[in-house]
Amino acid sequence: MFYRILSALAALGLMLSTAAAEPVLYYNFHHIDSGSRQVVLNRWMVVRKGTIQELGTGSTPESISGKRVDLGGRWALPGLIDGHGHITSGPHKIRMVDGQPLVTIDSVDDITRYNALMALAFGVTTVRNPGGDPGASSRYDEHIATGRWLGPSALHAGAVIQPPPFGGEAFAYPQSRDQWFAEARRQAALGMTYFKLYQSLTEEELALGIEAAHAHGLKAIAHLDRVSWQKALELGIDGLEHALPTSTDLLPETYREAFEQARPRGSQYLHLWFQWVDYNAPPMRQLFETLKSRKVTLNLTLLVNHMVAYSRDMDQVIDADAISYLHPKTWEASAGFLRMGGMTWTPEDFETARATLPKVGELARRLFEAGQPLLIGTDGNGGGPLMAIEMQLHVDAGIPLMDVLDLATRRSAETLGLPNIGEIAPGKEADVLFVDADPRKGLAALRQPYAVLNNGRWLLHADLVQQARELLAGQQSLAAASAAR
């Protein structure tokens, strides 16, 4: 109770300080408006109480007596939205319990704080977190709301619904109808937005999960494998995760038996699916038509497909500079988890997997051209440098660069039902990313941020990175001291 009283007082203080804030004038920047496909030069913007009050070009208004910030001709775009960022997740762990393997992804508050700082440092101001410990996600929202932590706003799914060997606070597996509904009720009470259903569930369990989610005001999203996207759409799923629609019944009948025989050998079946799928065959044509009519949200995380194909050479996908900004514990655990999945792969398997990546890109391009609502998500810990890499993979897939910028900002805001963000416009929340180079000439510009406005708060990239580094150094010092005792 005392903790909640302190939190309420902190929130009140934050609101009062925000309400008393003087307007700030930001000027001399170039506004990239991806929605109109235009760039407006020499912009100025007035921000007050976390909101964009005025927007103009040319000479700045003399009536603004508050602080003035000269952006020096830098480029501005709306804050980025990571559509699949596990911001509250810690490292993967595998251990034996009672002779059985147990896979956990426990949350660690100091790691979450690091993730949040690095997300903001690279201009990610909103994160859709599709699964994790709901208690940790609820704490995250409270810390962000009270100003105790710096980080993106977040929409969360709670514990992922998945059978063993997955367990811990980040996973749940209800065993009866009452338990399914109780779990959905628990997650809703903790402020979750989504109910995440995972790949090992049966069709009957998927249907029950969708029903339980909707009964408690949650959106049902799923990472599926054996149950097809087509069946999930018929059951009423609200969102689908990853470019992995790898169910047998979406393949031409010629390949279905061989595909099922390949499954037990390991994760090689994932690239075999893309090798054998025919996007013009009846099963996929029907899927595309159903997706078009239902307009469910898709988040493809193309980075996942590339990391699987390069699990023994991940520096081919994520370079050392990008890795240097990731929390070492979560990166080492994730990379190790992926490498373990490829342990049974032969050199020929890797060669085939890499050869199928253009068909993964083709799937993304076809969905985009069909007008399918797409999010851009990293499957990392909340954007950071991975966001620019994921966006580039969408460009490489054949989606125009300005459209990719739009998908990562305005269109994601529309898809997520967040009308106050996604654009630099009067009345919108002041979430703005400033970069040194023109991102129209290359998305590498997003890996060289200058500063970010987060709900009207001015934050320099260098300062955010330094805070994250200092936090990490403190964690490592404590760990070393504990090990020495």
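A short reminder: the numbers here are calculations on the coordinates, not readings from a lab. Since we're looking at a predicted model, the values are computed, not measured.
The slack between Gln175 and Ala484, meaning 0.36 nm per residue of separation minus the straight C-alpha distance, is 106.8 nm.
Along the range 154-168 the Karplus relation, 6.51 cos²θ - 1.76 cosθ + 1.60 evaluated at θ = phi - 60°, assigns HN-Hα couplings of 9, 10, 10, 9, x, 3, 6, 8, 7, x, x, x, 7, x, x Hz to successive residues, with x for each Gly and Pro. One Cα centroid belongs to the range 17-72, the other to the range 96-146; the line between them spans 33 Å. Only Cα sites of the range 22-157 enter the Debye sum here, all with the same form factor; the resulting log10 I(q)/I(0) across q = 0.18, 0.20, 0.21 1/Å is -1.02, -1.12, -1.16, listed in q order. The Rg/Rh ratio for the range 428-485 is 1.22, where Rg is the radius of gyration of the alpha carbons and Rh is the Kirkwood radius. Expressed to the nearest 5 percent, the antiparallel share of DSSP beta bridges inside the chain is 50 percent. Given the alternatives (i) 24; (ii) 19; (iii) 27, percent of Cα pairs over 37 Å apart as computed for this entry is given by (iii). Listed by chain and number, the aspartates and glutamates whose alpha-carbon sits under 15 Å from that of Lys329, ignoring those within fewer than 8 places in the same chain, are Asp106, Asp109, Asp110. Cross-link partners of Lys441 among aspartates and glutamates, defined as those whose alpha carbon lies under 19 angstrom from its own and excluding same-chain residues fewer than eight positions apart: Asp33, Glu390, Asp396, Asp403, Asp406. In units of the rule-of-thumb radius 2.2 N^0.38 Å, the range 76-227 shows an alpha carbon radius of gyration of 1.06. Checking the Cα-Cα distances for Lys231/Lys295; Lys292/Lys428; Lys93/Lys359 against a 21 Å cut-off, the pairs over it are Lys292/Lys428; Lys93/Lys359. Principal semi-axes of the equivalent ellipsoid, √(5λ) from the alpha carbon gyration tensor of the range 382-485, are 31, 18, 14 Å from largest down. Listed values for the range 42-58 are Karplus-derived 3J(HN,Hα) couplings in whole Hz (6.51 cos²θ - 1.76 cosθ + 1.60, θ = phi - 60°), namely 6, 7, 9, 8, 10, 10, 8, 6, x, 10, 6, 8, 9, 9, x, 10, x, and x replaces Gly and Pro. Relative to the longest principal axis of the chain, what angle (0 to 90°, nearest 10) does the C-alpha long axis of helix 328-341 take? Result, in degrees: 20.
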